[in-house]
Each structure stands twice: as structure tokens, then as C-alpha cells.
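The structure under discussion appears below in the form of C-alpha cells.
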Amino acid sequence: MKINFKAKEFIYQALFAVVLFLIYSFDKHNKCFHLYSIVFFSFYLAVSLFISYVLVPKYFYTKKLAAFWTFIVVIFLGVYYVEEYVLEPLLVGGERAEHVSNIYYTLLSIFPIIFMMVGFKIAWDIVKKQQELDAMQRAVNESELRFLKSQINPHFLFNNLNNLYSYALDNSPQTPSIILELSSVLRYMLYDCKEDFVPLEKEIQHLKNFTALNELQIEGRGKVRFNTKNCRGSYKIAPLILMVFIENAFKHSTASQSELIEIDVDLSIKNNQLIFVCKNTFLENANTQNLSTGIGLENVNKRLQLLYPKAHKLNITTDNNCYIVHLTLNLSSQ
């Protein structure tokens, strides 16, 4: 049975109070507990609980510090007078009861116990608040990831259904192949990659199918190469990230070139890092000013920041009419 956070607070605070009681109340010389020490500690505990559960939430957490410290001073003065003029005469008696201790020394003996109990409560509240913030951040991240993933599918469908429509109008014999490839890719996107991370081998197979689907657009106008090296093992990867770069490579090459198109995709693993390199040719006199922008790349950058914080490196460059994406990811294992 899972214990909720409030029950845990009660249990740990009770254990902490017991430890303090044993330290404070046990008479080492006589090896026993005195009634007056038990009552004194119970009094301190009641004061601590009042400060922790009434004053701290009502005044300290709401930044009413002047009122909070005023109450603290009044409470400690009250504790001093109750101990010296009420509890000691009733419970202790004798010379100790008749002697009124200096307020400084009395408060010095009382303060550590109350301070530790109140400090425990404040520390516990800080832990609880941090857990709530972490849970909220995870919920925001998950919501944003679902939103980003939902944006990818319509973008992909828009491009490829247009291609399929063109082939169907021409009664191309390649239309059935396009439908099969599109079906395979959509099955993966809709059913196989609902989790944040999927097996690397499945993602690579999807990328191969996706590349083959887009390669039909070129029809002998260039070359497409898809290479993998050392991509085996029980690694996992966030789905549908690498696909965006491959999609952009085809889009930008075919938009600016009618021939001599070259697209190279290389994936390799070294020291638990996936190294992804995607290159595509383009013509500078074409409309290529948006090569590093667009919905797809904005989404993939956000997903990388959410899923691979400080665990990825993305470089996008152009060199001699070649657009190069170089991405490294620190992979997780199953």
C-alpha cells in the first residue's frame, strides 16, 4: 500500500520527535526518564507544532515577516515564563523550582529543540513544493511533446498525399508502391511510436521506409544513399526526430534542383552516441533562404531540448552548395 505524502510527513516527524525526546529527556546518570522532562518536552513539542502549522503557513510563507517574528518573540517569552513560574514549581520542586534562571540560558536550552522541529517542517515543505514543481514541469513537457508530435503528422501527410495525388493522376505504376510505403510509415507514426522513446532498430527501419517513399519523387534525377554502421544493440531513441531532417533534405533538394540531386544519410554509433549526418545538394540561386527555419525544424529543436537536455549537439551548415545536418545524441538503453 502506497503511503501518501501527508502520512509520510506525520511518520517522519513523529520519528524525529522521538529521537529528540530520547536525546533531551534521558537522564544518563540515573539511566531513567523523569516526569518533568517528559512534560517539558511535550510542552516544547506543542509550541513547535503551533509555530510550524499555524504561524509558518499564515505569516512566514505569505511574507508577513514582521508579524511572524513578533509572534516568535512573544511565544519564546511565554515559554520562558511558563517553564520558570508554572512547570518547574509544579513538577520539579526544591531548590531548582525556587531559583529563577536567567532568561538567556533558559531560552538557549529551549531554542534548539523548537528550532529543529520547526526547521524539519520547513524543510519538508520545501521538498514537497519541489516535487510539485517537478510534477508540473513533467506535465508541461509531456503536453508540449504531444503537441509537437501532433504537428509533425499533418505536415508529413500534406506533402506525401500531394505526391500520391500526382502519381495517381498520371496512372503511374509506382502508385501501389507509394501507397504501401505510406501505409508502413503511417502505421509506425500512429501506433508504434506513442512512447517518448522507441527501440533504435525500429526507428531506423522507419527511416529507411520513409527515405524509400520520398526517393520515388526523384525518379532518376539524382542519387539517394542511406547508410548505417554499428547501429545494433538495445538502444532507445526519441521517435520522429531524425525524420524531419530527411524530409527537409528531399524538400529542399527537389525544390531547387531538377537534376543531379544528391542526398546522403549516415547513421552510426560510437561510445553510446548516435551520430546522424544528413547531406543534400541545393542551388544557391533558388529559394533557399528558409533552409534553417520552418515548423519542422522548430519542433525538432524543442523536442531535442525537452528530451535530450545537455545530451545532444546539433550543427546545421552549408558548404559548397551542400546542406549538412550533423546531430549527436546520447542514447539510453532498454
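Just a yes or no: is a residue in the stretch 74-88 open to solvent by 70 Å² or more (accessible area, probe 1.4 Å) and either within 37 Å of the chain's Cα centre (by Cα) or at pLDDT 90 or above (or both)? Yes, the stretch 74-88 has at least one match. Within the stretch 228-247, the residues that satisfy the criterion of being open to solvent by less than 10 Å² (accessible area, probe 1.4 Å) and either at positive phi or not in a helix (DSSP H, G or I) (or both) are I237, A238, P239, L240, I241.
A quick yes/no check of all residues on (1) touching a residue at least 60 places away in the same chain (Cβ under 8 Å); (2) open to solvent by 40 Å² or more (accessible area, probe 1.4 Å):
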position: L164; (1), (2): no, no
position: Y188; (1), (2): no, no
position: P199; (1), (2): yes, yes
position: K208; (1), (2): no, yes
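Candidates in the stretch 112-133 are the residues that are touching a residue at least 60 places away in the same chain (Cβ under 8 Å) and farther than 13 Å from P57 by Cβ; of these, the one that is surrounded by the fewest Cβ atoms within 10 Å (Cβ to Cβ) is Q131. In this structure, does I263 turn out to be touching a residue at least 24 places away in the same chain (Cβ under 8 Å), touching a Lys or Arg at 6+ places or on another chain (Cβ under 9 Å) and not hydroxyl-bearing (S, T, Y)? When the stated conditions are applied, I263 passes them. Could you tell me whether any residue of the stretch 177-190 is in a helix (DSSP H, G or I), in contact with a Leu (Cβ under 7 Å, 6 or more places away or on another chain) and of a type in the set (D, E)? So far as the stretch 177-190 goes, yes, one or more of its residues are in a helix (DSSP H, G or I), in contact with a Leu (Cβ under 7 Å, 6 or more places away or on another chain) and of a type in the set (D, E). Answer with yes or no whether V92 is at pLDDT 90 or above and under 19 Å from Y24 (Cα atoms). No; evaluated as a whole, the condition is false for this residue.
Only a single item in (1) more than 16 Å from I113 (Cβ to Cβ); (2) modelled with pLDDT under 80; (3) surrounded by 13 or more Cβ atoms within 10 Å (Cβ to Cβ) is not met by F26, and it is number (1).
Is one or more of the residues making up the stretch 262-284 crowded, with 21+ Cβ neighbours inside 10 Å and assigned to a helix (DSSP H, G or I)? No: zero hits. The number of residues in the stretch 242-286 that are among the polar types (S, T, N, Q) and within 22 Å of C231 (Cβ to Cβ) comes to 6. Regarding K208, is this residue outside any strand (DSSP E or B), over 29 Å from the mean Cα position of the chain (by Cα) and of a type in the set (K, R)? Criteria met by K208. Within the set F60, F50, the sole residue that is at pLDDT 80 or above and either among the basic types (K, R) or buried (at least 16 other Cβ atoms within 10 Å of the Cβ) (or both) turns out to be F60.
Return the total of residues in the stretch 210-242 being in contact (Cβ under 8 Å) with a residue 60 or more places away in the chain and under 19 Å from K313 (Cβ atoms). So the answer is 6.
Across the stretch 190-242, the qualifying residues are those that are at pLDDT 85 or above and among the polar types (S, T, N, Q), and the one among them that is farthest from K279 (Cα to Cα) is S234.
The values are calculated or read from the model by the stated rules, or taken from the named source; none is laboratory data. Small disclaimer: the values here were computed from a predicted structure and weren't measured. Cβ coordinates were reconstructed from backbone atoms using ideal geometry, including for glycine residues, and neighbour counts include every protein chain displayed. What goes into the accessible areas is simple: the full protein's heavy atoms, side chains included, and nothing from ligands, DNA or RNA. Shrake-Rupley method; radii C 1.70, N 1.55, O 1.52, S 1.80 Å.
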